[in-house]
Each structure stands twice: as C-alpha cells, then as structure tokens.
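> Take this structure, written in structure tokens, and hold onto it; I'll ask about it next.
The values are calculated or read from the model by the stated rules, or taken from the named source; none is laboratory data. If you're wondering where the values come from, they're calculated on a predicted model, not measured in any experiment. Cβ placement follows ideal geometry from the backbone for every residue including glycine, while neighbour counts extend to all protein chains displayed.
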Amino acid sequence: MTSTMEETVTVRRSSSSFWHAAWYRYKRNKLALVSGVIAVLILIVAALASLIAPYGYATQDLTQSLAGPSLHHLLGTDQLGRDLLSRAIYGARTSMAIAIGAPLLGAIIGIPIGIVAGWFGGITDWITLRLFEVFTMVPQILMALLLIALFGGGVLKLILFLGVTAWVGFGRLARAQYLALRDRDFVIAAKAMGVPTWRIIFVHVLPSAVGPMIVFFVQAIPATIFAAAGFSFLGLGVQDPLADWGKMINDGEQYLSVSLMVALLPIICIALATLTFSFTGDGLRDALDPTSR
Amino acid sequence: MIAYLAQRFLTLLLVMLVTTMLIFGLMHAVPGGPFDQTQQPLPGPAMANIMHKYGLDEPIWRQYLNWLWALLHGDFGIPFEQPTMSVTGLIAKAWPITLIVGGITIAISYLGGLAMGLLAALKHNTWIDWVLTSAVSTAGVALPNYVVGFLLISVFSVKLGWLPAGGWGQPEDLILPVIAFSLYPMALMARFTRASTLEVTYADYVRMGRARGLSERRITLRYILRTALIPLITIMGPNIPNILTGSIFIEATFALPGLGSYFTTASLHRDYPLILALVLIVAVLWGTCYILSDVAYTLVDPRVRLEGLSR
C-alpha cells in the first residue's frame, strides 16, 4: 500500500513540470525502462572499452586461431586468434561512436536550418524546402555510399558522411516545430514585451520543441547502426585492424563451418543494440510527445 | 489540379538539375579519375587520349553541359567499365532484376503486413494481438536485412542445401532475397496498420454501424479498413521507390546483378555516366512518388487540401 501512496505523491508533484511527467510516463513502460538501462550499459561498455576488454582489439595469437570458448578466451577467438569478447567490446565502441556521432552531426547541421526556415518563413522557408528536396532526392544510404567510395571509409569518415546525409530529417522536424509554435500566445506575449528574437527562439520556444528532437535523435540511432555495420559488412566502412560488428560478420562468414561464434556474436550484439535503442526511442516518444499516441 | 501538378513537376525538374550538378561537382572534386591505375599506370599520351575520348579533359561546367545535352537526346553515355555497352542498355539489363525482387517484396510485405496489422487490431488485447505485435515488430526491427539474409544463407544454403546462396537465373534464387528484404517493410506495415485500425475501431460511426445491425464483415471492410488505410499512404508510399531501386546490401549479400550492385561498383570505380544515370532514376522515382502520395492523400481524404491549390 505504501508504494501506491508514494506513486500518487509523485504524480501530483510532477504535474507541475513537463520533465517530471515525462519521466513518470517513461518509468511506467517496463520494456522501455529495461531497454534504456541496457542501452546505457552498452554506452558505458563502449566508452570504457579499453578498461573492460581482457585483450586488445588487435592482439593476435595465431596458435589459438578459431579456438572455442575457454578460460583464456571466454567466447573463443577469430581466424587470427584475436579474442572475440574483446573485439565485440571494442566493436561496441566503434558502432556507438558512429551511431551517436552521425545523428549528432545531422542535428547540429539540420536543427538551426530548420529553426531559421520555420521561424522566419517566406522566401527563406521556400529556399530551405527546396534544399530539403535536393538532399532527399538521393536516399541517405546511396549518398553515403557514393561519398565513401569517393573519399574512403573509416570511423571518422563514416560519422561525417552518415551525418551530412542525416541532417534533412532534423531540419524538417525543427521547421515543423517552430512553424507550429511561432504564433502561440506565449510567443506573441514575449514579442510584445520586447524580448529579443534570439532569446525567444532559444529560451522561450526551444524547451517546447526539444522533446520531439530528442525522440528523433534516439530513433535515428538503430538506423545508423544498421547503415554503418552494413558498409563495414560490404568491406567499405571500418578498416582492419579496428573492430566493428559489421566487419566481424564479414570476417566470420568464411569460417562458418569451423566456428559459428565468430559470426554469431556480432549478430547478437547488433540485435541487442538496435532492439534496446529502438524500444528506448519508442518509450521516449510516448513519454515526451504524448500527442503522437 | 493540372496546374498544381505542373507546378510540382516543374519544381521537381529544378531540384533535379541542382541535384545532378551537386553530384557532378562532387565526383570531380576528388583528385584522381576513373582511369587511374595503381598497378600499371598508363603512359601519358594514352591517358590523354582516353581522357579526350570521354571528354574528361574539358572544364567541368563544359562536361556537365555536354552530359545534359546528350541526356536531352536520350543518351546516358557509355559506362567506363563496360565500354562495349551503353548505360541505357546496362540499366535495361539490371533494372528488371531489381524490379522483380522489389515488386514481389512490396506485394508480400504490404499485403502480409496489412493482414497481420488488421488481425492484431481486431483481436486487440488477445494473445493473437500480442504474438503478432511483439514477434513481427521485434523480428523486423532487430536485425538489418543483410544480416537476416546472411542468416538465411547459412541455414538454408550452407547447412541444409535447400536453396541457392545467391545469383540470378532460376526462380529459386528469388526466395531468400525476398524473405530478407520483406521482413522490415512487413513489420512497419503491420505496426502502422494496427495503430491506425485501433484508432478507428472505437470510433462512434463504427459503433453506430454495429447498432444498425450491419454485418461484422461490412463494418471491417467498409467502415474500419477504408479509414485506417488513409494514413498508411503517406507512411508507406515513399517506401516504394526505396524498394524498387533495390537495396545495395541485399543485392550484395545475394550477388544479385541489379541496380543496387551496379550503384556500388559504379561508385567504387568512379564510373561517372553510370552513377549519374542511376542517381537520376532514383531521383525521378522518388520525386514522382512523393507528388503522387500527396495527390492520393487528397483523393481518399476530402478534408485535405493541397498547399497552393486551395483558394
């Protein structure tokens, strides 16, 4: 009974603040809560890869190539005798760096452009809309592939290319948000009181617009994991000896008849990461953007 | 309506002009060219001859205008990698493969997803709903299509030897790529259908229909499904060109010689005419589908008015 009491109290207090209400809604969704915890764990493992991993990602032991699980190598080794567990952990670092970095870059480019278009409207908006069209003409994956083919792969370049091809989504979202909010009463009131425009845009309107942007950002993470791992799977993305889940599948493909683990482990990692991040994204959407059902 | 369509297509033309210019500039901005060879560099005069033959020694703006002029005469040029063919011929050979795989994928995933979503919504909160929703959406979202393809190959081709691992020519070649390709759009379709069906299932006019004693079938098909389909047009419409131009990952995994794999090789070999032609195809399909889905929206939902059309 006491727990029910406590929850009721939380609700009352949280109704005064949007973020408290959002946290309450998020907490109620058990799937999202568990996924969120795992997603954070993956990020921590990725950040502390060099401390957690028992071996280096490139440490070879050719006498132990394609060995099964043992006390020395908990999940076995790959064709060059590299510890699979360590490579999966370092793979989390590469995958997460790209999966977080690319949408972040897209947001940094796209949101200001969208804000300007949505806020000022008129000819600025028209030009921005045409700009959106130009950049959606060629789908993100194809554009990124072209850029990688021309300029080469690697972690930083993947972040750059998947980022510059992701900005349109953020731009459209920010534009729609500001277009919807700019004629609200609180904005008109702020204008009437002589608040400078930049202050209205960032201090008054941004807090109302930031929720959907966070949701969009988290929902972009699984898609970016797919794309980055896909390019590495094709041999175009992350290069040896760096570990990446997509590349590990590619490596394991040839040794399938000897060791299942080499290909299976990165597949499990990809599935775990994409599932947790997409459930987290869904939970955040329901919590932060209640109008979107 | 005609004026509106004309205006939309004119803007599309303008946008495509800018897009091709950007791609053109981008391809030429990188040092090196399609005929650079690291193994055996060509002697200077031979190189100059090749460059001259393909017009690559002219200034960029001139090359772009040449390309545009040829394009207006229906000539996409000659692919550098296969000089005995024309780009048009190459695409005519590759696209049917992508279209067949994509067409079957769309049919299976859209109809299958629709049926599953509808079933889940009609059996809302029963175990059928639970299994369909969680199993399908999880399976479709968890793994990228190339990983699903890889798993399918390892089980059905390598372990069991039932189906070919890749290639093109016999009907069996279609099965695994289509399954791998369909999973994600099917999950998406099922999810959106369920959501939009649930929204109307409890609407007043549906309850009214029941009160009037209409058959459950009539209510489902005429009252619920018709309204539930409307939001799906804008969500699933833009996915169609995506599927019909092929997935580079699926085509690479199953060694299908379709548009996607040509895009990959053309990009890697800097085959300018082929890249531009493929970009153009994708862009035209993409733009047209956007316009059509906007128009379709007004046709099924009379409340929606197109921007610039209403007055």
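> Going residue by residue through the stretch A:187-195, is there one that turns out to be surrounded by fewer than 18 Cβ atoms within 10 Å (Cβ to Cβ), of a type in the set (A, V, I, L, M, F, W, C) and in contact with an Asp or Glu (Cβ under 9 Å, 6 or more places away or on another chain)?
For the stretch A:187-195, residues surrounded by fewer than 18 Cβ atoms within 10 Å (Cβ to Cβ), of a type in the set (A, V, I, L, M, F, W, C) and in contact with an Asp or Glu (Cβ under 9 Å, 6 or more places away or on another chain): absent.
> Then there's this: Please find, within the stretch A:150-167, the residue that is farthest from the other protein chains (Cβ to nearest Cβ) out of those that are surrounded by fewer than 21 Cβ atoms within 10 Å (Cβ to Cβ) and assigned to a helix (DSSP H, G or I).
Step by step, filter the stretch A:150-167, then rank; the result is A:V155.
> Scan (1) of a type in the set (G, A, S); (2) surrounded by 15 or more Cβ atoms within 10 Å (Cβ to Cβ); (3) farther than 20 Å from A:L234 by Cβ for the single condition B:S154 breaks and write down its number.
The one condition B:S154 does not meet is (3).
> Among the residues of the stretch A:91-149, count how many are of a type in the set (S, T, Y), within 14 Å of chain B (Cβ to nearest Cβ) and within 24 Å of the chain's Cα centre (by Cα).
Going through the stretch A:91-149 one residue at a time, the tally reaches 2.
> Within the stretch B:14-29, how many residues are touching a residue at least 24 places away in the same chain (Cβ under 8 Å) and within 7 Å of another protein chain (Cβ to nearest Cβ)?
4
> A follow-up question, please. Would a scan of the stretch B:177-200 turn up a residue that is within 13 Å of chain A (Cβ to nearest Cβ), within 26 Å of B:L285 (Cβ to Cβ) and modelled with pLDDT under 80?
Checked against the condition, which is being within 13 Å of chain A (Cβ to nearest Cβ), within 26 Å of B:L285 (Cβ to Cβ) and modelled with pLDDT under 80, the stretch B:177-200 yields no hits at all.
> All but one of (1) surrounded by fewer than 20 Cβ atoms within 10 Å (Cβ to Cβ); (2) closer than 17 Å to B:N145 by Cβ; (3) not hydroxyl-bearing (S, T, Y) hold for B:R191; which doesn't?
Looking at each condition in turn, B:R191 falls short on (1).
> Of the residues that make up the stretch B:257-275, is at least one within 17 Å of B:M116 (Cβ to Cβ) and out of contact with any Phe, Trp or Tyr (no Cβ under 6 Å at 6 or more places or on another chain)?
No, that holds for no residue.
> Does the stretch B:291-310 include one or more residues that are away from chain A (no Cβ under 14 Å), farther than 27 Å from A:W126 by Cβ and in a helix (DSSP H, G or I)? Spell out the reasoning first.
Taking the stretch B:291-310 as the starting set, the residues that turn out to be away from chain A (no Cβ under 14 Å) are B:292, B:295-306, B:309-310.
Pick out the ones that are also farther than 27 Å from A:W126 by Cβ and you get B:300, B:302.
Applying the additional criterion that residues be in a helix (DSSP H, G or I) yields B:300.
Yes; the residues of the stretch B:291-310 include at least one that is away from chain A (no Cβ under 14 Å), farther than 27 Å from A:W126 by Cβ and in a helix (DSSP H, G or I).
> Take the residues of the stretch A:247-269 that are at the interface with chain B (Cβ under 10 Å from one of its Cβ atoms) and in contact (Cβ under 8 Å) with a residue 60 or more places away in the chain: which is surrounded by the most Cβ atoms within 10 Å (Cβ to Cβ)?
Ranking the candidates gives A:P266 first.
> So for the stretch A:279-286 (the condition being among the charged types (D, E, K, R) and away from chain B (no Cβ under 14 Å)), does at least one residue qualify?
Looking through the stretch A:279-286, none of the residues is among the charged types (D, E, K, R) and away from chain B (no Cβ under 14 Å).
> Of all residues in the stretch B:70-114, which are loosely packed, with under 15 Cβ neighbours inside 10 Å, among the aliphatic types (A, V, I, L, M) and within 24 Å of the chain's Cα centre (by Cα)?
Result: B:A92, B:A107, B:L111.
> What are the residues in the stretch A:90-105 that are small (G, A, S) and touching a Leu at 6+ places or on another chain (Cβ under 8 Å), if any?
Start the filter on the stretch A:90-105 by keeping residues that are small (G, A, S), which leaves A:91-92, A:95, A:97, A:99, A:101-102.
A:A102 - this is the single residue of the stretch A:90-105 that is small (G, A, S) and touching a Leu at 6+ places or on another chain (Cβ under 8 Å).
> While we're looking at this one, here's another question. Write out, first by first residue and then by second, each pair whose Cβ atoms fall under 7 Å of each other, whose residues are 6+ apart or on separate chains, and whose first residue, in the stretch B:284-311, is closer than 14 Å to B:I240 by Cβ and of a type in the set (S, T, N, Q) while the second is modelled with pLDDT of 65 or more and in a helix (DSSP H, G or I).
From residues that are closer than 14 Å to B:I240 by Cβ and of a type in the set (S, T, N, Q), the pairs are B:S293/B:I233; B:S293/B:T234.
> From the list B:L256, B:L232, pick out the single residue that is in contact (Cβ under 8 Å) with a residue 40 or more places away in the chain, more than 11 Å from every other protein chain (Cβ to nearest Cβ) and outside any helix (DSSP H, G or I).
Working: B:L232 fails: outside any helix (DSSP H, G or I).
From the options B:L256, B:L232, the qualifying one is B:L256.
> Going through the stretch A:86-111 one residue at a time, which ones are farther than 16 Å from A:A228 by Cα, surrounded by fewer than 20 Cβ atoms within 10 Å (Cβ to Cβ) and touching a residue at least 60 places away in the same chain (Cβ under 8 Å)?
Of everything in the stretch A:86-111, just one residue is farther than 16 Å from A:A228 by Cα, surrounded by fewer than 20 Cβ atoms within 10 Å (Cβ to Cβ) and touching a residue at least 60 places away in the same chain (Cβ under 8 Å), namely A:I109.
> Taking the stretch B:117-143, which residues are part of a helix (DSSP H, G or I), away from chain A (no Cβ under 14 Å) and either within 18 Å of B:E216 (Cα to Cα) or basic (K, R) (or both)?
B:G117, B:L118, B:L119, B:A120, B:L122
> Tell me the residue from B:A252, B:A211 that is among the aliphatic types (A, V, I, L, M), buried (at least 16 other Cβ atoms within 10 Å of the Cβ), more than 14 Å from the chain's Cα centre (by Cα) and farther than 18 Å from B:A121 by Cβ, please.
After ruling out the rest, the residue left standing is B:A252.
> If only one of B:L214, B:L221 is out of contact with any helix residue (DSSP H, G or I) (no Cβ under 6 Å at 6 or more places or on another chain), farther than 25 Å from A:I225 by Cβ, of a type in the set (A, V, I, L, M, F, W, C) and in a loop (DSSP other than H, G, I, E, B), which one is it?
B:L214
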